[in-house]
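What follows is a short report on a single structure.
The values are calculated or read from the model by the stated rules, or taken from the named source; none is laboratory data. On a predicted model such as this, the values are computed, not experimentally measured, just so you know. No Cβ is skipped: glycine too gets one built from the backbone with ideal geometry, and neighbour counts run over all protein chains shown.
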């Protein structure tokens, strides 16, 4: 995106390595990985199942920690933060969107969306105003009192998007957000996500195995053999 390269990046990963132990053997998922994400940039991460895409999202959010290397969020090395500080970082500055929605089944659509604001200590009036505003933006004002099992898959994912964006995070992490939707509904959800992030100038990391989904991004990277490569050209799609 023109003009963004001169700004201080929101996220920088340098030499990140992550391993897991499987059947008494070390399995290296990420190998000396480098990444720079600018403010307001939409980045798509492509790769086959098991390539480490979700692992990378968890590292960027501070849910997991790298075995070596470092990740900077707005200039802060999140590897040096304790768990309470990483939790606050996620709660205040990061939004998550998952393939299987991850809505709380005992809460209505409005209550699910309100949850991040309540955890951040916003006053009840401000919570109600923000929830109503974003439910209107995602076209679900008339479904505010519905529970997740009363909503279609597309409606549930729109609630999930509203919940991820309602606290106005700097970074939105979306892990296969259309993977559980049909093509038409998925395209609608992607358009909604793209528009909301653009209008709010939020950075987006979109994990997918679909090149078609990845086309909404400003930049495409492929995760392959533990490293990031520019574009999808070396994969057989």
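When the test is whether a residue is in a loop (DSSP other than H, G, I, E, B), under 18 Å from the mean Cα position of the chain (by Cα) and either crowded, with 20+ Cβ neighbours inside 10 Å or without any contact (Cβ under 8 Å) to a residue 40 or more places away in the chain (or both), residue 167 passes it. Looking at 196, 181, 190, just one residue is surrounded by 19 or more Cβ atoms within 10 Å (Cβ to Cβ), touching a helix residue (DSSP H, G or I) at 6+ places or on another chain (Cβ under 9 Å) and either on the phi > 0 side of the Ramachandran plot or part of a loop (DSSP other than H, G, I, E, B) (or both), and that residue is 181.
Among the residues in the range 93-111, are any over 25 Å from residue 53 (Cβ atoms), at pLDDT 95 or above, surrounded by 20 or more Cβ atoms within 10 Å (Cβ to Cβ) and out of contact with any strand residue (DSSP E or B) (no Cβ under 7 Å at 6 or more places or on another chain)? Yes, because at least one residue in the range 93-111 is over 25 Å from residue 53 (Cβ atoms), at pLDDT 95 or above, surrounded by 20 or more Cβ atoms within 10 Å (Cβ to Cβ) and out of contact with any strand residue (DSSP E or B) (no Cβ under 7 Å at 6 or more places or on another chain). Within the range 10-28, identify whether any single residue is assigned to a loop (DSSP other than H, G, I, E, B) and either surrounded by 13 or more Cβ atoms within 10 Å (Cβ to Cβ) or modelled with pLDDT of 95 or more (or both), and answer yes or no. Scanning the range 10-28 turns up at least one residue that is assigned to a loop (DSSP other than H, G, I, E, B) and either surrounded by 13 or more Cβ atoms within 10 Å (Cβ to Cβ) or modelled with pLDDT of 95 or more (or both).
Every residue, every condition in (1) in contact with a strand residue (DSSP E or B) (Cβ under 7 Å, 6 or more places away or on another chain); (2) surrounded by 20 or more Cβ atoms within 10 Å (Cβ to Cβ), yes or no:
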| residue | (1), (2) |
| --- | --- |
| 7 | no, no |
| 40 | yes, no |
| 47 | yes, yes |
| 51 | yes, yes |
| 68 | yes, no |
| 71 | yes, yes |
| 80 | no, no |
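Among residues of the range 201-218 that are more than 8 Å from residue 44 (Cβ to Cβ), those with a beta-carbon under 6 Å from a residue that is in a loop (DSSP other than H, G, I, E, B) and at pLDDT below 85 at least six positions away or on a different chain give the pairs 211/232; 211/237; 218/1.
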